[in-house]
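One structure is given here, and the rest of the page talks about it.
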Amino acid sequence: MVDIGIAIAFAPRSHVMKATALLTTALTLWAFAAVAGPTSGDAVRGAAVFKAQCAACHFAKETDKSPPIGPQLLGVVGRKAGTWDHFAYTPAMKKAGHVWNAALLDQYLENPYALVPGAAMGLLVPSPAHRADLIAYLSSNPAELKQPERAAP
Ligand code: HEC
């Protein structure tokens, strides 16, 4: 009888301890995920990802040339979507209305059409690490941008 009493007395406690251990693990993983999230990218790696995946259409540096296909991305962080003067955006991007920040860039790069339905950018970046690096790179660029002059026709 005593043994059973002890077993009963301990059973709930061990459940509580298990639950606490699980919760601690979950919180640790969550904290790790938060640290490893969109803000922990590396700008140097991001520059390489940009060169490989974005530079065919975009510039993200000071230049007097117009970018090949997309808008200039130097200073895009903190800029209102669809407002670089020298690019003919889709109506969808023009009326998107948000100001680009890390969280919105992360959503956009994961799936442009989910954030801006009707956007004309045919590229997804499925890797969270690549997105984080790209955002670090784009954030490291100065917000001020001298607008390039269009070459005379
Ligand atoms: C095939 C060409 C192409 C590639 C590759 C491409 N983009 Fe784009 N991007 C565009 C076009 C075109 C737009 C304008 C979309 C619109 O008007 O709907 C755009 C728009 C954007 C915008 C919004 C800019 C603004 O001024 O509001 C961001 C941010 C962006 N691209 C980031 C990237 C990044 C980062 C990459 C690389 C991972 C990338 N793009 C790759 C063509 C491209």
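The values are calculated or read from the model by the stated rules, or taken from the named source; none is laboratory data. None of the values given here were measured: they were computed from a predicted structure. Note that each Cβ is placed from the backbone with ideal geometry, even for glycine, and that neighbours are counted across all protein chains shown.
Reported count of residues in segment 48-72, each being at pLDDT 95 or above and either away from the ligand (no atom under 16 Å from the Cβ) or touching a helix residue (DSSP H, G or I) at 6+ places or on another chain (Cβ under 7 Å) (or both), is 2. Residues in segment 35-47 that are within 13 Å of the chain's Cα centre (by Cα), part of a helix (DSSP H, G or I) and modelled with pLDDT under 95: P38, T39, S40, A43. A Cβ distance below 8 Å, combined with a sequence gap of six or more or placement on separate chains, defines the contacts here; from segment 121-136, residues that are touching a residue at least 24 places away in the same chain (Cβ under 8 Å) and of a type in the set (K, R) reach residues that are more than 9 Å from the ligand (Cβ to nearest atom) and part of a loop (DSSP other than H, G, I, E, B) in the pairs R131/G41.
For G97, all conditions in the list (1) more than 6 Å from the ligand (Cβ to nearest atom); (2) within 16 Å of the chain's Cα centre (by Cα) hold save one; what is the number of the exception? So the condition that G97 fails would be (2). Between M121, M93, the distinction of being surrounded by 14 or more Cβ atoms within 10 Å (Cβ to Cβ), at pLDDT below 95 and of a type in the set (A, V, I, L, M) belongs to M121 only. Cβ-Cβ contacts under 7 Å between residues 6 or more apart (or on different chains), taken from a first residue in segment 68-83 that is free of Cβ contacts under 8 Å to residues at least 24 places away in the same chain to a second residue that is among the β-branched types (V, I, T), are listed as K80/V99. Would you mind stating whether Y89 is within 10 Å of the ligand (Cβ to nearest atom), in contact (Cβ under 8 Å) with a residue 40 or more places away in the chain and under 21 Å from P67 (Cβ atoms)? Here the answer is no, as Y89 does not meet what is asked. Only a single criterion out of (1) modelled with pLDDT under 95; (2) of a type in the set (S, T, N, Q); (3) not in a helix (DSSP H, G or I) is not satisfied by T28, namely (3).
Screening W84 against (1) at pLDDT 95 or above; (2) crowded, with 19+ Cβ neighbours inside 10 Å leaves a single unmet condition, (1). Tell me which of these D64 doesn't satisfy, since it passes every other one: (1) in contact with a Pro (Cβ under 8 Å, 6 or more places away or on another chain); (2) buried (at least 19 other Cβ atoms within 10 Å of the Cβ). Condition (2) is where D64 drops out. On inspection, L109 does not qualify as in contact with a Phe, Trp or Tyr (Cβ under 9 Å, 6 or more places away or on another chain), within 10 Å of the ligand (Cβ to nearest atom) and assigned by TED's automatic domain parsing to the domain that holds G82.
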